[in-house]
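First comes the structure, then the notes that go with it.
Coordinate-derived values only; no laboratory data. Please read these numbers as outputs of a predicted model, since none were measured by experiment. Cβ coordinates were reconstructed from backbone atoms using ideal geometry, including for glycine residues, and neighbour counts include every protein chain displayed.
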Amino acid sequence: MKQKFFLMSFGISALMLAAGHANAQSRNCAEHTAVVERLAANYGESRQSIGLGSDNSVVEVFASAETGSWTITVTRPGGPTCLVAAGQSFQQLGEALPMMDQGT
């Protein structure tokens, strides 16, 4: 759960930093179905997590357990799906929340 929250936080940050670039570079954008199919066919990636940004954009993390490749996409309401970040060495984590200090 923490990893998904971290990835969503990262995705939202990537969205804010790359939103202008994603819109300007329409070659990185396509219909959602086409993007999902391309990520599966070319990289073996499937959706690992999904979240909703403050502007109602859908942020998704796709990754391949076999190759470690990952991609973050953003879909704006009514718009195409845009690639905003990609890389290697994806790892699925199951970390517990850290212990919180209850007393002072």
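Summary table
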item: Enumeration of residues in the range 42-62 that are surrounded by 12 or more Cβ atoms within 10 Å (Cβ to Cβ) and of a type in the set (S, T, N, Q); result: 46, 48, 49, 57
item: Inter-residue pairs, beta-carbon under 6 Å, first at negative phi and in the range 61-74, second of a type in the set (Gly, Ala, Ser) and part of a strand (DSSP E or B), 6+ apart; result: 61/49; 70/63; 70/87; 71/86; 72/85
item: Evaluation of residue 89 against (1) on the phi < 0 side of the Ramachandran plot; (2) touching a strand residue (DSSP E or B) at 6+ places or on another chain (Cβ under 9 Å) (one fails), failing number; result: (1)
item: From 51, 68, residue being of a type in the set (Gly, Ala, Ser) and over 11 Å from the mean Cα position of the chain (by Cα); result: 68
